[in-house]
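One structure below.
The values are calculated or read from the model by the stated rules, or taken from the named source; none is laboratory data. This one's a predicted model, so the numbers in the text were calculated from it and none came from an experiment. All Cβ positions, even for glycine, are placed from backbone atoms using ideal geometry, and neighbour counts span all protein chains on display. Surface accessibility is based on the protein's heavy atoms, side chains included, excluding ligands, DNA and RNA. Shrake-Rupley method; radii C 1.70, N 1.55, O 1.52, S 1.80 Å.
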Amino acid sequence: MHALKLFAAIAIPAVLAMPATHAAQPAYPAKPIRLIIGSAPGSGPDIIARLVADRLYQSWNQRIVVDSRSGAAGAISADLTLQANPDGYTWMMLTSQLFVASQVLPDLKFDLGRDFQSIALIGTVPFILLANPMLPAKSLKELIDLAKKSPGKLRYGSAGTGASEHLSGVLFTQLTGTNMLHVPYKGVPQSIIDAIANEVQLTYAVLPAALPHIQGGRLRALGVTPPKRAPLLPDVPSIAEAVPGYAMYGWYSIVAPTGTPVAIMNQVSTEIVKAAREPAFAERLKSLGIEVVAGDRKVLDAWRRDETKRISELVKVSGAKSK
């Protein structure tokens with residue numbers, strides 16, 4: 001009997017302590033989250049990342065700090081993300097730009113499929129072929145004719161070698177039989193600035209970054225890269241209308257380093273999908289030219305598989321792969 005009482009004296013407090021220990025675990029997120037993007041401030045990914053960060057702050061009352069690390073078409077952001085502890089407090093925005101770069105750039109230290117786990121697919125977006133207003137080409141046909149008359153004279157900017165904007169230009173010259181000089185930058189904003197200054201005559205940029213300059217008359221929109229016209233620019237033709245078979249588009253997603261707790265990734269995915277499906281937030285995205293997908297982890301997994309096949313085929317046909 002004495003032994004039983006002694007066991008009870010030890011066991012009962014231990015059992016009672018278990019719920020308290022469990023309850024002591026802090027709810028996620030317990031501190032600010034770092035969202036690393038591979039594009040410059042003012043770019044499409046930066047704009048979308050900050051919208052998502054502001055919306056999630058309303059839900060969690062924790063800051064999502066957008067950390068812009070442009071360069072190497074987003075590869076720098078991937079390297080940096082993988083240096084972080086996979087504890088759920090470091091995310092990365094995976095975009096079409098980095099996806100293309102992973103197929104083009106040599107000697108990368110990471111593998112997107114192996115090193116990054118899907119969280120959510122936010123949406124897709126068109127790239128816009130922009131021209132300086134001084135360029136004597138007001139249509140795609142006129143641009144093609146001008147490029148053929150002046151091989152190697154026209155210059156187009158992009159976010160860097162291997163970026164989606166670069167591949168957009170390579171695909172255009174391949175399908176039209178033209179020769180234009182590619183000028184790589186560390187980010188789309190600088191490319192846009194130089195297009196406005198006529199240092200380059202053309203540039204490609206996602207619609208959120210391009211729209212203010214189109215509306216302000218600083219740049220002329222000659223075409224959109226998806227097969228269909230963009231709702232925000234109904235008078236701007238798709239490049240495919242003049243160049244059959246042409247198709248490119250951008251997309252925005254959130255991923256985390258492999259090893260991040262599954263429960264945390266599921267929680268983040270649920271919250272981002274919920275936000276993207278809210279009418280007010282969805283309309284904000286649509287006002288920037290984003291076609292909202294609001295896909296969960298499984299949707300993004302499938303999307304990444306399809307894009308790997310599509311982009312690898314495009315890169316092969318275009319000859320854009322670096323040596």
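General remarks:
- Probe 1.4 Å, protein heavy atoms only - accessible area per residue of the chain in square angstrom: 46 Å²
- Protection proxy ranking, peptides 277-286, 261-270, average beta carbon neighbours within 10 Å, highest first: 261-270, 277-286
- For Lys148, the aspartates and glutamates whose Cα comes closer than 19 Å to its Cα, not counting residues fewer than 8 places off in the same chain, are Glu241.
- Accessible surface of Ser139, taken over heavy atoms with a 1.4 Å probe and every protein chain present, rounds to 40 Å².
- Long hydrophobic helices in the chain: the complete DSSP H runs spanning 27 Å or more by Cα along their own axis with mean Kyte-Doolittle hydropathy of at least 1.0 are 2-23.
- Cα gyration tensor shape of the stretch 243-299, rounded if a/c is under 1.5, else prolate or oblate by comparing a/b with b/c: oblate
- For the residue pairs Lys109/Lys153; Lys138/Lys186; Lys186/Lys316, the C-alpha atoms sit more than 32 angstrom apart in Lys109/Lys153.
- Its DSSP H runs of at least 4 residues, each contributing -39,500 (n - 2.57), put the calculated 222 nm mean residue ellipticity of the chain at -14000 deg cm²/dmol, to the nearest 500.
- DSSP bridge pairs, the chain: antiparallel proportion in percent, nearest 5: 60 percent
- Carbon plus sulfur fraction of accessible area for the stretch 145-211, probe 1.4 Å, in percent: 51 percent
- In this structure Ile122 has an accessible area near 10 Å², from a 1.4 Å probe over the protein heavy atoms.
- Prolate/oblate/rounded label for the stretch 31-140 (Cα gyration tensor, a/c 1.5): oblate
- Shape of the stretch 207-323, Cα gyration tensor, a/c cut at 1.5: oblate
- From most to least packed by mean Cβ count within 10 Å, the peptides 71-82, 304-315, 168-179 give 71-82, 168-179, 304-315.
- Aspartates and glutamates with Cα under 15 Å of Lys286, excluding same-chain neighbours fewer than 8 positions away: Glu278
- Accessible-area composition of the stretch 246-323, carbon plus sulfur, in percent [1.4 Å probe]: 58 percent
- Scanning residues 5 or more positions from Met180 or on other chains, those with amide H under 5 Å from its amide H are Gly152, with H placed 1.01 Å from N in the peptide plane.
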